[in-house]
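K.L.:
Here it is, the structure in full.
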Amino acid sequence: MTEIWPVVHAERQSLAQDLEHLALPQWATPSLCPGWDVHDVLAHLVDDASTTRLSFLCRLAAAGFDFDRCNARGIARERRADPRATLAAFRAVSGRTTSAPAPPATRLVEAFVHGEDIRRPLGLQRAYPPAPVVEALRHQLRTSVRIGGGKERAQEVRVVATDAGLASGTGPEVRGPAVALLLAVSGRAVGPGELTGPGAAALRR
């Protein structure tokens, strides 16, 4: 975690800066998360950064151990009437080092995937640090979809990051930037042509 937290903090600060001058109508832009708009994703990130191991277990139990319900309640709790107030709350928690009881790499997954959930629909771009993105991708490739990973989505293809030192799996090859592969493995749509190779269509599905 001593290596991961500085990356997470930098990503939170960068995202806050990107959203600083967003026009109010833009906050209602649908994100890459089905059913969530940009404001919802930011509220989720506030909730995520504020969560401790104990609070997560208590909230999950209160939600009947339903992760989707737990997330929905977290968004409702942290989403302010004015999205600029939600952004201020995000800034206030951006330096925290608390987390749900999950592997450390999940903090990287949250930072990169949710960052793109927000940025891509808004037409914003960021050059992410390659090594932490690869670490997040490795985590998703070995973690079941059932607990937030993407192992099953990529189990029949060979994933090759064209901008980083990663090649994983067997089967038809799918090539692309590590961030695009991370999004696809995490169940997000990617742009046309970002993924290539005979396994690309299978991974996109």
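The numbers here are math on the coordinates, done by the rules we state, and not lab data. Predicted model only: the values in this text are computed from it and were never measured. So basically every Cβ, Gly included, is an ideal-geometry build from the backbone, and we count neighbours across all protein chains shown.
K.L.:
Per-residue counts of other Cβ atoms within 10 Å, averaged by peptide: what ranking do you get for 123-134, 179-190, highest first?
P.N.:
179-190, 123-134
K.L.:
When a footprinting reagent is the concern and you count Cβ atoms within 10 Å, what order do CYS58, CYS33 take, fewest first?
P.N.:
Placing the least packed residue first, the sequence is CYS58, CYS33.
K.L.:
Give me the extension gain from ALA189 to SER168: residue separation times 0.36 nm, minus the current Cα-Cα distance, reported in nm with one decimal.
P.N.:
5.5 nm
K.L.:
With axes computed from alpha carbons, what is the tilt in degrees of helix 4-19 against the longest principal axis of the chain, rounded to the nearest 10 within 0 to 90?
P.N.:
Approximately 70 degrees, to the nearest 10.
K.L.:
Same structure again: State whether region 4-105 is rounded, prolate or oblate according to the following rule on the C-alpha gyration tensor (a ≥ b ≥ c being the square roots of its eigenvalues): a/c under 1.5 gives rounded; otherwise a/b larger than b/c gives prolate, and the remaining case gives oblate.
P.N.:
Oblate is the answer for region 4-105, as a/c is 1.5 or above yet b/c matches or exceeds a/b.
K.L.:
Relative to the longest principal Cα axis of the chain, at what angle does helix 38-50 sit, 0 to 90 degrees, rounded to 10?
P.N.:
For helix 38-50, the angle is close to 80 degrees.
K.L.:
Cα-Cα pairs above 15 Å in region 62-108: how many percent?
P.N.:
Cα-Cα pairs in region 62-108 separated by more than 15 Å: 62 percent.
K.L.:
Determine the percent antiparallel among the DSSP beta bridges restricted to the chain, to the nearest 5.
P.N.:
Counting DSSP beta bridges with both partners in the chain, the antiparallel share is about 55 percent.
K.L.:
Next question. Among SER144, SER55, rank each residue by its count of other Cβ atoms within 10 Å, from fewest to most, as a rough exposure measure. Walk me through the intermediate numbers first.
P.N.:
Numbers: SER144 10, SER55 14.
Arranged by neighbour count, lowest to highest, SER144, SER55 become SER144, SER55.
K.L.:
Okay, next question. Each residue of region 116-124 in order: what ³J(HN,Hα) in whole Hz does its phi give by Karplus 6.51 cos²θ - 1.76 cosθ + 1.60, θ = phi - 60°, with x for Gly and Pro?
P.N.:
6, 3, 8, 5, 4, x, 8, x, 9
K.L.:
Rounded to the nearest 500, what is the chain's calculated 222 nm mean residue ellipticity when only DSSP H runs of at least 4 contribute -39500 (n - 2.57) each, over all residues?
P.N.:
-16000 deg cm²/dmol
K.L.:
Using Cβ contacts closer than 10 Å as the measure, can you line up HIS44, HIS9 from fewest to most?
P.N.:
Numbers: HIS44 22, HIS9 17.
If I rank by nearby Cβ atoms, fewest first, I get HIS9, HIS44.
K.L.:
Using only the C-alpha atoms of the chain, find the volume of their convex hull and express it per residue in Å³.
P.N.:
111 Å³
K.L.:
Next up: Which of the three applies to region 130-204, rounded, prolate or oblate, going by the alpha-carbon gyration tensor with a ≥ b ≥ c and a/c under 1.5 meaning rounded?
P.N.:
Because its axes are fairly even, with a/c under 1.5, region 130-204 counts as rounded.
K.L.:
Taking Cα pairs under 8 Å and at least six residues apart, what relative contact order does the chain come out at, in percent?
P.N.:
Relative contact order, the chain: 18 percent.
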